[in-house]
Amino acid sequence: MAHNKTSDTSDSADSQASPAATGMTPGKGRPTPKRKDAQKASLRPLVPADRKAAKKAERAKAREKQDREYQAMETGDVQHMPTSERIPWRIYVRDYVDARRNLGEWFMPIVFIALIVSMIVQRWSPVAAFVLMIVVYVYLLAVIIDAVLMWRSLKKKLVAKYGDKAVAKGQRTGLYAWTRALQIRAWRMPKPRYKKHGNWPD
């Protein structure tokens, strides 16, 4: 009889063994996964299964971003323009150039018209064609002088407002200002924030 009692007690103890001994977690009803298995389950493949679809989605996303940025440059929405166009001193340069009446604004159309006229006039009067070309060169010289004077004034204002970093060589601020000054106002990108000249930046 004593032997049976001892056996029953042993069976009861085994049935009440702790969850740790059996590898079970309370409340889960299943063994706790090993660390190695858990790490494998959490890993994601570095290379997508469908590379072609992934590239297509990436291109579509990039195109959508470009469309938003282009629209922002057309509407003057500075917050959504490309990062390079949101730099404070570039915004100041655009406003300054747009406020000014630049001689270079109509340089390209005038040169194009002058070349066509000179080709036509050349047949009847080479002298007149030569004079016309001299006028074009004089106008070009005036454009250069005007651009230099514009940059000297603008450079002082940029240094006073933003420091030397605004006119550092790596920023190419001068080239940015000259290029914009040589463009027809209506064709500039980003678009001028004001329709008319004379709205000078603070």
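Find the accessible area per residue for segment 59-202; the probe is 1.4 Å, ligands and nucleic acids are left out, and the unit is Å².
Accessible area per residue: 68 Å².
Got a number for carbon plus sulfur as a percent of segment 119-202's accessible area, 1.4 Å probe?
The nonpolar share, carbon plus sulfur, comes to 65 percent.
Take each of the peptides 148-157, 52-61, average the number of other beta-carbon atoms within 10 Å over its residues, and list them starting from the highest.
Result, highest mean Cβ count within 10 Å first: 148-157, 52-61.
Per residue of segment 64-76, what does 6.51 cos²θ - 1.76 cosθ + 1.60 with θ = phi - 60° give for ³J(HN,Hα)? Whole Hz please, x for Gly and Pro, Karplus curve as stated.
5, 5, 4, 5, 5, 5, 5, 5, 5, 5, 6, 8, x
The values are calculated or read from the model by the stated rules, or taken from the named source; none is laboratory data. Predicted, not measured: the structure shown is a model, and the values here were computed from it. Don't worry about glycine lacking a Cβ; one is built from the backbone with ideal geometry, like all the others, and counts go over all protein chains shown. Keep in mind that these areas ignore ligands, DNA and RNA; they rest on the heavy atoms of the full protein, side chains included. Shrake-Rupley method; radii C 1.70, N 1.55, O 1.52, S 1.80 Å.
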